[in-house]
Structures are given as structure tokens and as C-alpha cells.
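Engineer: My questions will all concern the structure given below.
No value in this document is a laboratory result; all are computed from the given coordinates. Treat the numbers as computed from the prediction; the structure is a model and nothing was measured. Quick reminder, even Gly has a Cβ in these numbers, built from the backbone with ideal geometry, and neighbours come from all protein chains shown.
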Amino acid sequence: MAKNEKDAQEREVRIYSLATTVNECIIFLEEMAGNRLLPIWIGITEGQAIAIRFSGIVLPRPLTHDLLLAAIKTLGYTVEKVVICDIKENTFYARIHIQKGSTSHQLDSRPSDAIAVAVRAGCSIYVEDKVFARCQTLNKPITEDEVSKFKADLKNLKPEDIFKGLQEKKKEPKEPKEPKEPKEPKEKGDEGPHPESDE
């Protein structure tokens, strides 16, 4: 596969917002060259690890993600990028790409850990196209009214709401339809109600 074809499968994103519910966090990743928001449910601890990077708080000892990044750098590697690369059975998967000279490795990771490392390393975050295709996304609010409604909707938003439409489509019986123009095939989508939980 050509390099430009491979790169075309990944969309660069950045952290749009981090919302906290009773016992978990929702991180919203904003598509930089589009208008989609990808919500990923993560634990409170992981959310704090991401948020603390932007808070300006200086801790007396390194957190786990600080330690991981220090270990990578001590071994002579740099973090090139992190990629949210797959979703199976409503669970997101990620990889941390590290490099030293001509040697490179991809480390399997939870998205929350990968993003926590990315914000510390200052590297880019990407989401593969197939991840966008396999789950429902939100559109970025534009007006102040849309922003207010968006924040109000967050209070009642649950992980299953994001995947509900996808699951309903799978259950609907197939009925004969009039022939349509052929479309590009999409890969089939593959944790429970919490998309990124580890249990």
C-alpha cells in the first residue's frame, strides 16, 4: 500500500472537550479537517490524567503516563503520533507510534492512555476512517444556541446512545429495495455500554 493511501485512512483530530459524568468521563475528539466529533468514554482517573496536563498543576512525583513517556525518551525513542485504530464490540483500540532513527514500533494501548501520552509528548492524534464509519459521531456546534444545547444534551448522553443507531440497523429486516448506484463497501463494526472500558 502506498504511503499516501495509508495516510488517507487517518484523520487528524484534537481534543475538543472533556466532560465528566457521575462515574466516568467523555472525551470528544474534533476532526481537524471536518466537522465531526468522536466521543469516547473513559474512566475518571484517565480523564484526570489528560486534564491535568492542561491545568498547569505541578505534581511532586510523575504519574504513570509521565513515567511511560520518560522511559520511551530514556531508551532514545520519540513519540511520533498516536492513532485510534479500531473499534470492536463497542471497544476502542489505539496504538502509540514510537521511533528511533530507522527503527519504529507500534505499542497497543487504550485510547485514554494513548491520548494522555500524546498531550505530554506534544504529538499528533489520529483516528482511522473505519472508526468514524463504525460509530455514530456528533457534529461540532457552531452557534451559541447550539453550544448551549450541546452541553445540556451531554448531561443525559450515555454510551449506548452513540451505538444505538448502529445496533438498530443490524436488527432491521432486510427488505427488497430499488436498485441504487453502487457504494463503496464499508468494513463491519465491531465493550458493552462503555466503549473504552477495560473490564
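Engineer: Which residue, chosen from Val13, Val58, Ile40, occupies the Cα position most advanced towards the positive end of the dipole of the stretch 5-63, where the dipole is computed from +1 (Lys, Arg) and -1 (Asp, Glu) charges on Cβ about the Cα centre?
Structural biologist: Most positive-ward Cα: Val58.
Engineer: Given the Cα-Cα distance of Phe54 and Asp129 and 0.36 nm per residue of separation, how much length would full extension add, in nm?
Structural biologist: Fully extending the segment from Phe54 to Asp129 adds 24.2 nm.
Engineer: Using 16 Å as the cut-off for backbone N distance, which residues of the stretch 116-134 belong to the label zone defined by a point 7 Å from the Cα of Ala70 along Cα→Cβ?
Structural biologist: 117, 120-121
Engineer: Next question, about the same structure. For the stretch 92-105, take each phi angle, set θ = phi - 60°, evaluate the Karplus expression 6.51 cos²θ - 1.76 cosθ + 1.60, and give the result in whole Hz per residue in order, putting x for glycine and proline.
Structural biologist: 7, 10, 9, 9, 9, 8, 10, 8, 9, x, 8, 9, 9, 9
Engineer: Could you calculate the FRET efficiency of Glu12 with Arg61 from 1/(1 + (r/R0)^6), where r is the beta carbon distance between them and R0 is 41 Å, rounded to 0.05?
Structural biologist: 0.80
Engineer: Show me the ranking of peptides 33-41, 108-116, 69-77, 48-56 by mean Cβ neighbours inside 10 Å, starting with the highest.
Structural biologist: Highest-to-lowest ranking by the protection proxy: 108-116, 33-41, 48-56, 69-77.
Engineer: Let me ask something additional. Using the beta-carbon distance between Gln106 and Thr45 and R0 = 25 Å, what value does 1/(1 + (r/R0)^6) give for FRET efficiency, to the nearest 0.05?
Structural biologist: Step by step, r from the Cβ atoms, then E = 0.55.
Engineer: Under a point spin-label approximation (7 Å from Cα along Cα-to-Cβ), what is the Asp145-Thr78 distance to one decimal in nm?
Structural biologist: Result for the modelled spin labels: 4.8 nm.
Engineer: Separate question: Given the alpha-carbon gyration tensor of the stretch 3-142, what are the semi-axes of its equivalent ellipsoid in whole angstrom, ordered largest first, with each equal to the square root of 5 times an eigenvalue?
Structural biologist: Equivalent ellipsoid of the stretch 3-142: 23, 21, 13 Å, largest first.
Engineer: Between Gln136 and Glu89, what is 0.36 nm times their sequence separation minus the Cα-Cα distance? Round to one decimal in nm.
Structural biologist: Working: separation 47, 0.36 × 47 = 16.92 nm, distance 1.39 nm.
This chain segment gains 15.5 nm when fully extended.
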